[in-house]
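Enquirer: My questions will all concern the structure given below.
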Amino acid sequence: MPQLSLKEIIERIDEAKSRFASSLERINDLEQLRELESDVLSKKGTLALLNRQLGSLDLESRQAAGAVINQARAEMRSDFERVESGLLVNARAAELESEKLDISEMVEDWTFQAGRIHLITATRHELEDIFVGMGFTVEEGPEVETEWHNFEALNIPPYHPARAGQDSFYLKFGAPESMLLRTHTSPVQIRVMMRQKPPIYAVVPGRVYRRDTADARHTPAFHQIEGLVVDKGISFANLAGTIEEFTKAIFGPNIVARLRPGYFPFTEPSAEFEVTCSICGGTGCRTCSGTGWIELGGCGMVDPNVFMAVGLDPEEWSGFAFGFGIDRLAQMRYSISDMRVLLDNDVRFLRQF
Ligand code: DAH
């Protein structure tokens, strides 16, 4: 830098001041601010360079210029610090915002919400209560069954379509197709008759499995409640009366139930048990495939072959049996158009019941 006069130095200082002021105005982050600080205010910055020029001036001019530089440095420093503290406040606010955790949802879920019994379990409990009130006992059986209990003893011969691999989940255990996940609760009829002597008045709730594709009315794992009565002189009228009692107790007056002639290998005669579709009120919809009715299960008089399979004399004993879908029943009772929501575990749905 060439030698400068006092006047020139003072002009340069003024220039530096106004350039600094306009740069400060444009700055919007701390990094740019640090750069400006180093360009102008540091030991190698503009002011320090001008200060070095003072050595060539006489004493009086040097003192005057020194005072101007010091004054300018103080003013620029204070402007600098004002901008810096504003940017620091903003940066801290942005940092806090980015690290913010929303813990309100946890507080809601963990502190204020009690769990509740699932609709299917609640319905099962209610069914148990109704039947216990009518004099039945509640029995259980295994979900992994033998082919004999699930089919053979129930008079379902090997060529029966219900046995087809596409309907049942067979297990790789023992001889091929000898063990499976039970496809209905009916095998527990066999177990109950083999472990206790009649008279028998039993219901058996539980989970069953079928290779069904899930849709509005089906899921591959669902629940049934089986009923079995074995005594002397039991007739179809006893069966119809029991079904009627149970229907009134669970559905109330708004849903109509009907029995239609049907076929099941383990009962003779057999009937299908249907209720008005509560989604459409019987006019026909997607859930009931347009029929206005939903099949809940079947029933009938215990087939003599079943009695013989468990060593009971069909001349001495008679009885009836029934089996209903608990999930379907809950679905109709609460007008749930698609059964799959029962398995979604969405608490917003489950909380309603
Ligand atoms: N087990 C049959 C099913 O899963 C339902 C059934 C029909 C059960 C007639 C019975 C009965 O006890 O008597 O579809």
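Enquirer: Could you list, in sequence order, the residues of region 80-105 that are open to solvent by 90 Å² or more (accessible area, probe 1.4 Å) and modelled with pLDDT under 90?
Expert: Lys100, Leu101, Asp102, Ile103, Glu105 - these are the residues of region 80-105 that are open to solvent by 90 Å² or more (accessible area, probe 1.4 Å) and modelled with pLDDT under 90.
Enquirer: Is it fair to say Gly311 is open to solvent by 60 Å² or more (accessible area, probe 1.4 Å) and either in a loop (DSSP other than H, G, I, E, B) or not assigned by TED's automatic domain parsing to the domain that holds Val203 (or both)?
Expert: yes
Enquirer: Kindly establish whether Ser278 is of a type in the set (Gly, Ala, Ser), open to solvent by 60 Å² or more (accessible area, probe 1.4 Å) and either modelled with pLDDT under 95 or not assigned by TED's automatic domain parsing to the domain that holds Val229 (or both).
Expert: no
Enquirer: Would you confirm, using the coordinates I've provided, whether Ala21 is in contact (Cβ under 8 Å) with a residue 60 or more places away in the chain, loosely packed, with under 13 Cβ neighbours inside 10 Å, outside the structural domain of Ala330 (by TED's automatic domain parsing) and over 30 Å from Leu342 (Cα atoms)?
Expert: Values: in contact (Cβ under 8 Å) with a residue 60 or more places away in the chain: no; loosely packed, with under 13 Cβ neighbours inside 10 Å: yes; outside the structural domain of Ala330 (by TED's automatic domain parsing): yes; over 30 Å from Leu342 (Cα atoms): yes.
Considered against the rule, which asks whether it is in contact (Cβ under 8 Å) with a residue 60 or more places away in the chain, loosely packed, with under 13 Cβ neighbours inside 10 Å, outside the structural domain of Ala330 (by TED's automatic domain parsing) and over 30 Å from Leu342 (Cα atoms), Ala21 comes out as no.
Enquirer: Please name all residue pairs, on different chains or six or more residues apart, with Cβ atoms under 8 Å, provided the first residue is in region 261-273 and is modelled with pLDDT of 95 or more and the second residue is in a loop (DSSP other than H, G, I, E, B) and near the ligand (Cβ under 6 Å from one of its atoms).
Expert: Taking only residues 6 or more apart or on different chains, the pairs are Phe266/Ser186.
Enquirer: Another question about this same structure. With the checklist (1) under 29 Å from Gly86 (Cβ atoms); (2) in contact (Cβ under 8 Å) with a residue 40 or more places away in the chain; (3) open to solvent by less than 40 Å² (accessible area, probe 1.4 Å) in hand, flag the one item Ala48 doesn't pass.
Expert: (2)
Enquirer: Then there's this: Being in a loop (DSSP other than H, G, I, E, B) and either in contact with a helix residue (DSSP H, G or I) (Cβ under 8 Å, 6 or more places away or on another chain) or within 14 Å of the ligand (Cβ to nearest atom) (or both): is that true of Arg217 here? Lay out the reasoning, then the answer.
Expert: Numbers: in a loop (DSSP other than H, G, I, E, B): yes; either in contact with a helix residue (DSSP H, G or I) (Cβ under 8 Å, 6 or more places away or on another chain) or within 14 Å of the ligand (Cβ to nearest atom) (or both): yes.
Answer is yes for this residue.
The values are calculated or read from the model by the stated rules, or taken from the named source; none is laboratory data. Because the structure is predicted, anything quoted here is derived from the model rather than measured. Glycine gets a Cβ as well: all are built from the backbone with ideal geometry, and neighbour counts include every protein chain shown. Quick note on the areas: whole protein, heavy atoms, side chains included, nothing else; ligands and nucleic acids left out. Shrake-Rupley method; radii C 1.70, N 1.55, O 1.52, S 1.80 Å.
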